[in-house]
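The values are calculated or read from the model by the stated rules, or taken from the named source; none is laboratory data. Remember, it's a predicted structure, so these values are computed and weren't measured experimentally. Please note: Cβ atoms are built from the backbone with ideal geometry, for glycine as well, and neighbour counts cover all protein chains shown. Heavy atoms of the whole protein, side chains included, go into the accessibility calculation; ligands, DNA and RNA do not. Shrake-Rupley method; radii C 1.70, N 1.55, O 1.52, S 1.80 Å.
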Amino acid sequence: MTPRPLQGGRVLVVGAGIMGAGIAQVAAQAGHAVALFDARPGAAQQAMARLGATLEGLVAKGKLAADVAAATLSRIEPLVALEESSGVDLVIEAIVEDLAAKQTLLRQLESLVGADCVLATNTSSISVTAMAHGLQHPGRLVGMHFFNPVPLMKLVEVVSGLHTDETAAAAVFELARQWGKTPVHARSTPGFIVNRIARPYYAETLALLHEQAATPQVLDGCLRAAGFRMGPCELMDLIGHDTNFAVTQAVYEANFQDKRYQPSLVQRDMVEGGLLGRKSGRGFYRYQGEAVGAPALPVALHDAPVSAGAVSVHGQGAIADALEAAAAATLAPQGWGPGRVLDSGWCGLAIDGARLVLTDGRTAAEMARVLDCLDVAVFDRPVRLPPARGAALAFTLAPKAGAGWRSQAPAWLAALGFAPLRLADTPGLVVARTLAMLINEAADAVQQGVCAPDAADAAMKLGVNYPAGPFEWLADWHAGEVVRLLDALDAHHRGERYRVSPWLRRAADAA
Ligand code: NAD
């Protein structure tokens, strides 16, 4: 099939709910004549009334010219019956998320539109391949996955199934670009790009909660400090645990119950108990009464580190360099600076006989054995360097650390600029473990041909506001170190969940 160029063409949007109304607005703002249909009588008119009020609000705030708002609205025509649509170049369906309903609609549409009309689906989880099965021209069906709210979110996943014609996908990609969006190509696989790669952000936090390693407040604090706009617990409370759990379950089932995606008992319990998050008034946090949302992290005060006889910074790279600068500033008032050891095989600080070690996936107990030292603390991966003063950072202590080191380890982390938060002795702590698993998932997506690395980066930054893309994190980390951390998690937990992506292992071997 060779679709007509879609620029300036007539667009039919089917389904006038949250997504359909937003898609109609964006298409009309880009100058298209738009027909809007919904099976529920009056729904298309109601969507237009809501859109009119939104546009009026933007005009009142001076964010939109009155004539642009009026022209946008005048380009949208609500339809009473689907049969009223004519001369359509592109249909975008945004109806209920149900395969049978979508297939019925698509077959009906094929009897109404021309053979070169492109059909697009905004499904967030249904296989585009399955949806195209049984169509007269299955090659014309393309996934056009917008994000909510459509007018504000830049990302569009352009999803190709096994039947999808390259020219149809290319036409939709170019149109999304012309609408001011950032489209990325994706192959139709469970969760596409964003909903798949994002799973570990929730799953690792739920696993840490399941292990009783930390509280929601501490986990949120650590990941916020790594640059995420919301911690996983507050984000799951916002999304709704029922919705989040349903997506996780769908990805798990669609992958033949691969343990990598196994849903969490912690979250199932919350769903069954009606602790759905903001919408039910309580999730991990409470949203009724006076204290709403995540409570502020308590500010712990630490004694200044006792003056040490000898301090040396171990390791190479940006983190070791930042530690050296911070240690030098801490020691400057005493009139001396730290030494540097480049090739000891670990990164961190040797402070007299004690060791403050950057996590490489081994627990503090293991590090104590390897380094033959009782006074060991392991700290999480700082992502922003130099750290913002007081940035939350997880740490853990070896089981036989002495009383002095138990108070000196957090005192040293505080002196280096962090707000130390103690966790149980769990491998990879919070940020390192979560980022490694996000990178691993993205590597598997690339390995399986779902998307290219730059598409994964763009998708995660624009679809879920991540501070960086997984391959950008990888570029700042060494692939071999990520693999080492994941292998340590795998050895600790013994299961399929932490198996390393072959793509990542190859990247480590090639480095
Ligand atoms: P919604 O419930 O707000 O709207 C769906 C609309 O479709 C309703 O108005 C309903 O009356 C109408 N409808 C149902 N069956 C129909 C049919 N056979 N013909 C015509 N109209 C029909 O849902 P939504 O959140 O806008 O989601 C729509 C689609 O977009 C789903 O496939 C969903 O998975 C996907 N999506 C949703 C989001 C989101 O955040 N809400 C994000 C991305 C994708």
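I'd like the accessible area for ASP67: 1.4 Å probe, protein heavy atoms, all chains in place, Å² to the nearest 10.
110
Suppose only helical runs count, i.e. DSSP H with n ≥ 4. What mean residue ellipticity at 222 nm does that imply for the chain under -39500 (n - 2.57) per run, divided by all residues and rounded to the nearest 500 deg cm²/dmol? Before the final figure, lay out the partial values.
Values: 20 runs with 219 residues, N = 511.
About -13000 deg cm²/dmol.
When Lys and Arg each count +1 and Asp and Glu each count -1, what net charge do the other residues less than 12 Å away from ALA368, Cβ to Cβ, add up to?
Details: positive: ARG355, ARG362, ARG369, LYS400; negative: GLU366, ASP372, ASP375, ASP425.
Charge balance in the 12 Å sphere: 0.
Sum up the charges of everything whose Cβ sits under 13 Å from the Cβ of GLN288, counting Lys and Arg as +1 and Asp and Glu as -1, but leave GLN288 out. Write down the numbers at each step before the final one.
On the way: positive: ARG278, LYS279, ARG282, ARG286; negative: ASP237, GLU290.
Counting the neighbours of GLN288, the net charge comes to +2.
Write down the accessible area per residue of the chain in Å², having rolled a 1.4 Å probe over the full set of protein chains. List each step's numbers first, then the result.
Values: 21490 Å² over 511 residues.
That works out to 42 Å² for each residue.
Length gain on complete extension for the stretch GLN257 to ALA365, per 0.36 nm per residue less the alpha carbon to alpha carbon distance? Working shown, then result.
Values: separation 108, 0.36 × 108 = 38.88 nm, distance 3.28 nm.
Full-extension gain reported as 35.6 nm.
Full extension from LEU152 to HIS210: what is 0.36 nm times the residue separation minus their Cα-Cα distance, to one decimal in nm? Walk me through the numbers before you get to the answer.
Details: separation 58, 0.36 × 58 = 20.88 nm, distance 3.54 nm.
Here the answer is 17.3 nm.
If Lys and Arg each add +1 and Asp and Glu each add -1, what is the summed charge of the other residues whose beta carbon sits under 12 Å from the beta carbon of VAL184? Before the final figure, lay out the partial values.
Working: positive: LYS154, ARG177, LYS181, ARG187, LYS461; negative: GLU157, ASP454, ASP457.
With Lys, Arg at +1 and Asp, Glu at -1, the neighbours total +2.
Pop a pseudo-label 7 angstrom from the Cα along the beta-carbon direction at both ASP343 and SER111 and give the gap in nm to one decimal.
Each label point lies 7 Å from its Cα, and together they span 7.7 nm.
Heavy atoms only, 1.4 Å probe, whole protein assembly: order VAL446, VAL172 by accessible area, highest first. Display every interim value, and only then the final one.
Details: VAL446 25, VAL172 0 Å².
Highest to lowest solvent-accessible surface, that is VAL446, VAL172.
Need the full-extension length gain, GLU83 to LYS61, defined as separation in residues times 0.36 nm minus the C-alpha distance. One decimal, nm. Provide the component values of the computation, followed by the final result.
Details: separation 22, 0.36 × 22 = 7.92 nm, distance 3.86 nm.
Gain in length upon complete extension: 4.1 nm.
Each residue of region 250-261 in turn: what ³J(HN,Hα) in whole Hz from Karplus with 6.51, -1.76, 1.60 and θ = phi - 60°, glycine and Pro shown as x?
Rounded to whole hertz, the list is 5, 5, 4, 5, 5, 9, 6, 6, 4, 4, 3, 10.
Given the alpha-carbon gyration tensor of the chain, what are the semi-axes of its equivalent ellipsoid in whole angstrom, ordered largest first, with each equal to the square root of 5 times an eigenvalue? Before the final figure, lay out each step's value.
Details: eigenvalues 494, 112, 85 Å².
Working from the Cα gyration tensor, I get semi-axes of 50, 24, 21 Å.
For HIS32, HIS185, give the ranking by accessible area with the largest first, probe 1.4 Å. Could you put the intermediate results ahead of the total?
On the way: HIS32 5, HIS185 85 Å².
So the residues, ranked largest to smallest area, are HIS185, HIS32.
Solvent-accessible area of ARG177, probe 1.4 Å, all protein chains present, reported in Å² to the nearest ten, please.
The accessible area comes out at roughly 120 Å².
Quick one: compute the contact order of region 11-188, relative version, from alpha carbon pairs under 8 angstrom and 6+ residues apart, as a percent.
Working: 329 pairs, mean separation 35.9, N = 178.
Here the relative contact order equals 20 percent.
In whole percent, how big is the carbon plus sulfur part of the accessible area of the chain, probe 1.4 Å, protein atoms only?
On the way: 11650 of 21490 Å².
Here carbon and sulfur together make up 54 percent of the probe-accessible area.
What accessible surface, in Å², does a 1.4 Å probe find on THR2, ignoring ligands, DNA and RNA and rounding to the nearest 10?
For THR2, the solvent-accessible surface is approximately 120 Å².
Contact order normalised by length for region 311-422, with contacts defined as Cα pairs under 8 Å and 6 or more residues apart; what percent is it?
Working: 197 pairs, mean separation 25.9, N = 112.
Relative contact order of region 311-422: 23 percent.
As an exercise, identify the GluC sites (Glu not before Pro) in region 222-330 lying in DSSP coil whose Cβ has no more than 15 other Cβ atoms within 10 Å.
Numbers: sites: GLU234, GLU253, GLU272, GLU290, GLU324; in loops: GLU290.
Answer by residue number: GLU290.
Per 5 Å bin, what is the whole-percent P(r) computed from every C-alpha pair distance within region 11-188?
1, 9, 18, 22, 21, 15, 7, 4, 1, 0
ASP372 versus ALA403, label points 7 Å from Cα toward the beta carbon: distance in nm?
That separation, rounded to one decimal, is 2.9 nm.
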